[in-house]
Each structure stands twice: as C-alpha cells, then as structure tokens.
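Data first, discussion second: the structure below is written as structure tokens.
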Amino acid sequence: MIVTLEQGADLAAVRRELARRGLWVTPLVGGPSPQLAVRADSTPARREDLLAVPGVIGVAEPPSEHPRVDAARAPVRFGEVAIGPGARHVLVAGPCAVESEEQIDRLAQAVARAGARVLRGGAFKPRSSPYSFQGHGVAALGWLRDAARRAGLALVTEVTSPDDAEIVATHADALQIGSRNMQSFRLLEAVARTGRPLLLKRGMSATVEEWLLAAEYGLLHGAAGVVLCERGLRSFDAATRNLLDLGSVALVAHVHGLPVLVDPSHALGRRDLIAPLARASLAAGAHGLVIEVHDDPGAALSDGPQALHPDELATLWAPERESAS
Ligand code: PEP
Ligand code: MN
C-alpha cells in the first residue's frame, strides 16, 4: 500500500497517526508528492479510513496476485461439513494410510465416536522412499467411501497424480494435495477441474505467499473452495519431525480470513505432543484439526509413531464436543 500526502503535510504527524493504527511505513523520496510505503507486516487497514487521516490525499493498493483467494473468506463445505470462519471447529481424522477394508471401516466408526466429522486416509501415499508402502490405490477408494458412508462422515483423501483426479473425485467429498505436491501446478489444475473442494497442505518449505498462490491455482481452475492446512515446515532442528508454524495459521485465519486447519500429527511426528499442539492450534485461529489415528500404532504401515489411539482422540476432542452441545 502506498500513502500519498499533500504538499506541505506534516510528515511526522501522519507517520505518528499511522503508527498509532499499527501501520509501519518507509518514506519514499524523489517523487512529486511525499509518499509512504506501508510495510506488509502492518495491521490491515481500510483504504477509506486512511484517506480520512489529515494530510493524506491518496491510498494506492497494488493488485493482489491471488484475488480469488482474497475474496474466499467464507466456509468451504466438505460434503455437509462447513469448515472456516464462523463454522464450528471440525475434526478430520483417520489413519495415515488405508491398510485394509476392515481397518478403515473400524477406524471410521472409532473416529466418528470421538467426534470427527470428516474421515481421512491415504489410498495413494506419497512416500519419500520407493520401498515404503505406497497405498492400496483405487481399491482403497471404495473402502474409504463405504466406511465414511457407514460412519456418517465426509471424506477427504489425497491425489498424487493428475491421472487419478477424476476417480478420486467420484469417491471423495474433498481432494487433498500433499505437502510434497503443493507446487505441482498441473496436479493442482487437474484436481481443481473436478470441481471438488481442496484440502491444500502447505509445502514443507513454502512461504505463505506461495501457499496462497497454490490456492489461487485451485480456485482459478474450478475448485469449489480451498481449505488450507499447516503441517509443519522443514527446519534446522530435528527435535520434532517438522516445525509447526502457528504464526502462519494466525496470519491466514485472522488477517486473510481464510479457512485453515492444522495437522499436528505430521508437524510433531510423535503422539505425546499432539494434544497440547492441537489446543495451541485452535487458540491460534485454526478452524479445525487433521489428526492421524491408528488402533495398533506399533503395527501401522506408515507414520505409527505419530498416530493417536481412538481413545486418545476422543479425550483430545472432548472439550470441543462439550462446548458444541
Ligand atoms: C498425509 O496427510 O497423509 C500426508 C502425507 O501429509 P503431508 O503431505 O503433510 O506430508
Ligand atoms: Mn502420515
């Protein structure tokens, strides 16, 4: 944002008034009129309010690179479940990977009892090692759909290839783009063209701006809404699996007003820290949580150390259920 002052305006007084409103500025020298560039980390302000400051004669806002995202300040529906500003907190839960028809059916019932309203589970798994379990693919989609229906849950599952977008969209209410694929633009386009809403994980090294631009790809190409999901960043410190960036959650929830979930499972990588970070995430402004669950974590085919037992999930979510009733 650039604020233009009238000739002879009291520059120091205008700066003081802007600072009082939480706007930090850099004077621009050399132009015909005195101007102030407002830093991006300032408190958001409405153009009309700034025009009312004595001495200000112009306020220019550069066009946004993600206009559709900026306008998308409403809840997004995964099936019947609304996620975002004004909607009640939502719990998305399920195993990292769908391991069998029986397992996903059992876990769908268990997470529904714990208060989840959306089932998650990977049919196509993006694994760092080619030797790791890659998922049961198309077969698991049918198991997921049936399990979600029986448990009365909406369903979200990941798409890893543009070729699979359509088939996943025929089974799931929402399509997940994983952290490793946040900037796979052809994948984003293919998934968005199905017209389903997206759950867009933040790339593990992506800036917030890159995350919002990826969401813009989704909206531009036809997605029925995008829910962002912070899942931790790659950092210098291996003490936790990733670095959970709750500052970005507060930013996208409170400043941008966008629907955002937090996945503390992938952020922490260990089950004993999921509950405190889940509470911190909701306090920071997240509209809900994505949590991995397994009833025999020691035998899980992927991400066992971070999986909560369904009973632990129920305990974690109990305060939300009480406040909703
Ligand atoms: C997942 O949610 O199953 C997953 C692979 O997460 P991420 O893309 O955040 O690593
Ligand atoms: Mn996982």
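Summary table
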{"item": "Residue within segment 303-311 that is of a type in the set (Gly, Ala, Ser), within 14 Å of ligand 1 (Cβ to nearest atom) and either under 24 Å from Leu198 (Cβ atoms) or at pLDDT 95 or above (or both) present", "result": "yes"}
{"item": "Residue check, Thr170 among the hydroxyl-bearing types (Ser, Thr, Tyr) and in a helix (DSSP H, G or I)", "result": "yes"}
{"item": "Of all residues in segment 197-210 being surrounded by 24 or more Cβ atoms within 10 Å (Cβ to Cβ) and without any contact (Cβ under 8 Å) to a residue 60 or more places away in the chain, the one that is farthest from ligand 1 (Cβ to nearest atom)", "result": "Leu198"}
{"item": "Flag for Leu220 being in contact (Cβ under 8 Å) with a residue 12 or more places away in the chain and either out of contact with any strand residue (DSSP E or B) (no Cβ under 9 Å at 6 or more places or on another chain) or buried (at least 20 other Cβ atoms within 10 Å of the Cβ) (or both)", "result": "yes"}
{"item": "Among (1) over 30 Å from Tyr131 (Cβ atoms); (2) of a type outside the set (S, T, N, Q); (3) away from ligand 1 (no atom under 16 Å from the Cβ); (4) surrounded by 15 or more Cβ atoms within 10 Å (Cβ to Cβ), the one test that Asp295 misses", "result": "(1)"}
{"item": "Selected residue (only one of Gly257, Gly225 is under 30 Å from Pro319 (Cβ atoms) and either surrounded by fewer than 19 Cβ atoms within 10 Å (Cβ to Cβ) or among the charged types (D, E, K, R) (or both))", "result": "Gly257"}
{"item": "Residue list for segment 173-199, restricted to those being more than 16 Å from ligand 2 (Cβ to nearest atom) and outside any loop (DSSP other than H, G, I, E, B)", "result": "Ala174, Leu175, Phe185, Arg186, Leu187, Leu188, Glu189, Ala190, Val191, Ala192, Arg193, Leu198"}
{"item": "Strands (runs of 3 or more DSSP E) fully within segment 222-325 counting 1 or more residues that are away from ligand 2 (no atom under 16 Å from the Cβ), over 12 Å from the mean Cα position of the chain (by Cα) and under 20 Å from Ala174 (Cα atoms)", "result": "none"}
{"item": "Residue check for Pro27: more than 26 Å from the chain's Cα centre (by Cα), surrounded by 15 or more Cβ atoms within 10 Å (Cβ to Cβ), over 30 Å from Trp317 (Cα atoms) and modelled with pLDDT under 95", "result": "no"}
{"item": "Qualifying residue in segment 12-21 (condition: part of a loop (DSSP other than H, G, I, E, B), more than 30 Å from Leu219 (Cα to Cα) and at pLDDT 95 or above)", "result": "yes"}
{"item": "Those residues of segment 162-196 which are under 17 Å from the mean Cα position of the chain (by Cα), small (Gly, Ala, Ser) and within 14 Å of ligand 1 (Cβ to nearest atom), in sequence order", "result": "Ala174, Gly178, Ser179, Ser184"}
{"item": "Leading residue by the ranking (farthest from ligand 1 (Cβ to nearest atom)) among those in segment 261-279 that are hydrophobic (A, V, I, L, M, F, W, C) and within 19 Å of Gly115 (Cα to Cα)", "result": "Ala275"}
{"item": "Test for Leu141: is it outside any helix (DSSP H, G or I) and either within 20 Å of Ala318 (Cα to Cα) or away from ligand 1 (no atom under 14 Å from the Cβ) (or both)", "result": "no"}
{"item": "Those residues of segment 49-62 which are exposed (fewer than 15 other Cβ atoms within 10 Å of the Cβ) and at pLDDT 95 or above, in sequence order", "result": "Asp49, Leu51, Ala52, Pro54, Ile57, Gly58, Ala60"}
{"item": "Filter pass, Glu216 being under 24 Å from Ala108 (Cα atoms) and charged (D, E, K, R)", "result": "no"}
{"item": "Yes/no for Thr26 being closer than 26 Å to Leu258 by Cβ, of a type in the set (Ser, Thr, Tyr) and more than 16 Å from ligand 1 (Cβ to nearest atom)", "result": "no"}
{"item": "Given (1) closer than 12 Å to Lys201 by Cα; (2) more than 16 Å from ligand 2 (Cβ to nearest atom), index of the condition Asp163 fails", "result": "(1)"}
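The values are calculated or read from the model by the stated rules, or taken from the named source; none is laboratory data. What you see is a predicted model; the values in this text were computed from it and never measured. Reconstructed Cβ throughout: ideal geometry from the backbone, glycine too, with neighbour counts over all protein chains shown.
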